[in-house]
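The values are calculated or read from the model by the stated rules, or taken from the named source; none is laboratory data. Model, not experiment: these values are computed from the prediction. Cβ atoms come from the backbone with ideal geometry, glycine included; neighbour counts cover every protein chain shown. Accessible surface areas use protein heavy atoms only, side chains included; no ligands, DNA or RNA. Shrake-Rupley method; radii C 1.70, N 1.55, O 1.52, S 1.80 Å.
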Amino acid sequence: MRTRSLVQVRFKLESWNHQQQLVMVKNDKYWDAANVKLNKVTVNVVKEASTSLNMYETDQVDLTELKGDQYAMYKDKPDLTLKKEFVSSYVMYETKKFPAFANAKIRQALGMAIDRNALNDVVLGGSSIPSTGLIPGTVSDGNNQEFRKVAGDTQPKFDAAKAKQLLDEGLKELNMTSLPTFKLTSDDTDVSKKTIEFIQAQWKQNLGVNVEGEPLPFALRVERMQKNDFQALIALWGADYNDPMTFLDMWLSDNKSFNYMEYNNKSYDDLVKAADKETDLAKRSQMLVDAEKVLMADMPLSPLYFRTRPYAKKTNVDGIILPAMSKEWELKWTSIK
């Protein structure tokens, strides 16, 4: 097991009350301790968004994440702070647990039947960015440009009529008259439950498809996902590093660690593996763009949005950083005025 030297750690864990609170104190042995201004940090573990916001508004906490319509409440206030992340949300389709998902037109229909703009407005309060591909926002293409600007919109736009046509064609290919009811699994947070309900309504209204929602505690949802024990599942992935590969190599047919939907496409594999060895950065960038295009045409997963997390932050809190990846926050330079 790896451990970090105390000279690298800004704060030490003083106490941890599971599911309730963590208390961290300044580490005097940190190499740059003189520039760490906070002596103590308390992190409250709160499941209900309303409880978290109440703690903020009653001055029990200085920073809290805003969920759903809470964002609109703070949209024009000086408290609002946005954490623009390298995170994508998507629906995965497990072809072996639900054989109809092996048909590409069925998957394409399901993805095209979700109004991602409405999802962002209704469920997320307008805080995030509706997806236009798998790879979010300002992630680099590995060649000193933004991947989304290079790739453009690779994900089909919302089109209920086209989605219904694709569904009918897919069912005909499978000699089926309707798509059997299946489960849509996600976490049991407020936002996740509302996301399930929104997608259920979209698929029912636009495709006539009945879906059973299955919100689960986070640990159980992850366990089920890792065992490929689901039919359709809403998940998120955040970048480990600033490059498209962290989003694309997950779905290689031989990636047993992350290819939870057991996707298998030789054209996709060839592009991603070739990009992994390519030293010409412009050629590599194009390979990665082409790989995302294959993925979005095949639609083994349906991207939903690129996550931006809104926070309410007391105006006297200075110097806090909300990074795009890896960390929730960076507190080294934070102070209370």
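Rounded to the nearest 10 degrees, what's the angle between the helix 190-207 long axis and the longest principal axis of the chain, both from Cα atoms, 0 to 90?
So the inclination is approximately 20 degrees.
Give me the angle, in degrees from 0 to 90, between the Cα long axis of helix 160-173 and the longest principal axis of the Cα atoms of the chain, rounded to the nearest 10.
The answer is roughly 50 degrees.
Counting pairs of alpha carbon atoms under 8 Å apart in space and at least six apart in sequence, what relative contact order in percent does segment 9-133 give?
It rounds to 16 percent for segment 9-133.
Given contacts defined as C-alpha pairs under 8 Å and at least six residues apart, what's the relative contact order of the chain, whole-number percent?
This gives 27 percent for the chain.
Give the carbon-plus-sulfur fraction of the accessible surface of the chain in %, rounded to a whole number; probe 1.4 Å, heavy atoms of protein chains only.
Ligands and nucleic acids excluded, carbon and sulfur give 49 percent.
Any idea what % of Cα-Cα pairs in the chain are farther than 37 Å?
Distances greater than 37 Å cover 24 percent of the Cα pairs.
Please find, in a Gaussian network model of the chain (springs between Cα atoms separated by less than 10 Å), the residue of Tyr260, Tyr93, Tyr30 whose mean-square fluctuation is greatest.
Tyr30
Among Lys75/Lys327; Lys293/Lys327; Lys47/Lys204; Lys227/Lys256; Lys40/Lys84; Lys105/Lys193, which pairs are too far apart, with a Cα-Cα distance over 18 Å?
Result: Lys75/Lys327; Lys293/Lys327; Lys47/Lys204; Lys40/Lys84; Lys105/Lys193 exceed 18 Å.
Between Gly213 and residues 5 or more places away or on another chain, which pairs have amide H atoms under 5 Å apart, with H built 1.01 Å from N, and which residues are they?
Counting only residues 5 or more places away or on other chains, the set is Leu184.
If only Cα atoms are counted, what is the Rg of segment 21-140, and what is its Dmax, in Å?
Radius of gyration, then largest Cα-Cα span, for segment 21-140: 20.4, 61 Å.
Hey, can you grab everything whose amide H is under 5 Å from the amide H of Tyr305? Only 5+ residues off in sequence or another chain; H modelled, so Pro and N-termini drop out.
Hits under the 5 Å cutoff: Ser89, Ser131.
Each residue of segment 67-83 in turn: what ³J(HN,Hα) in whole Hz from Karplus with 6.51, -1.76, 1.60 and θ = phi - 60°, glycine and Pro shown as x?
Result, ordered by residue: 10, x, 6, 5, 4, 4, 5, 10, 4, 10, 9, x, 5, 5, 9, 9, 9 Hz.
Among bridges DSSP assigns within the chain, what percent are antiparallel (round to 5)?
Around 80 percent antiparallel, to the nearest 5.
If all Cα-Cα distances of segment 54-211 are sorted into 10 Å bins from 0 onward, what percent lands in each bin, rounded to whole numbers?
Reading upward from the zero bin: 9, 31, 31, 20, 7, 1, 0.
Arrange the peptides 118-131, 53-66 so that the one whose residues have, on average, the most other Cβ atoms within 10 Å appears first.
Ranking the peptides 118-131, 53-66 by packing returns 118-131, 53-66.
Quick one: among Asp28, Asp159, Asp69, which has the greatest mean-square fluctuation in a GNM of the chain with alpha-carbon springs under 10 angstrom?
Asp28
Mind checking which aspartates and glutamates have their C-alpha under 19 Å from Lys194, skipping anything on the same chain fewer than 8 residues away?
Within the straight-line limit of under 19 Å, Lys194 reaches these aspartates and glutamates: Glu48, Glu65, Asp69, Asp115, Asp121, Glu212, Glu214.
Using only helices, what value at 222 nm comes out for the chain when you add -39,500 (n - 2.57) per DSSP H run of length 4 or more and divide by the total residues, to the nearest 500 deg cm²/dmol?
-9500 deg cm²/dmol
Treating the Cα atoms of segment 141-263 as identical point scatterers in vacuum, please give the log10 of the normalised Debye intensity I(q)/I(0) at q = 0.09, 0.22 Å⁻¹, two decimals.
Calculated log10 I(q)/I(0) at the listed q: -0.35, -1.28.
Could you list which residues have their amide H under 5 Å from that of Phe158, counting only those 5 or more apart in sequence or on another chain, with H placed in the peptide plane?
HN-HN under 5 Å from Phe158: Arg116.
Take the chain, connect every pair of alpha-carbon atoms lying under 10 Å apart with a spring to form a Gaussian network, then pick out the residue of Val25, Val139, Val289 with the largest mean-square fluctuation.
Its mean-square fluctuation being the largest, the pick is Val25.
Explain nothing, just compute: Karplus ³J(HN,Hα) = 6.51 cos²θ - 1.76 cosθ + 1.60, θ = phi - 60°, for every residue of segment 175-180 in order, whole Hz, x for Gly and Pro.
In residue order, the calculated couplings are 6, 10, 9, 7, 8, x Hz.
So what does Phe182 come to for accessible area, using a 1.4 Å probe and Å² rounded to 10?
Using a 1.4 Å probe on the heavy atoms, I get roughly 0 Å².
Sticking to Cα atoms, compute the Rg of segment 218-327 to one decimal and its Dmax as the biggest Cα-Cα distance, whole number, in Å.
Values for segment 218-327 (Cα only, Rg and Dmax): 17.0, 54 Å.
How many Å² of accessible area per residue for the chain, probe 1.4 Å?
About 50 Å² of surface per residue is accessible.
Output needed: percent of Cα pairs per 10 Å distance bin for segment 14-77, bins running from 0 to the one holding the longest distance.
18, 39, 27, 15, 1
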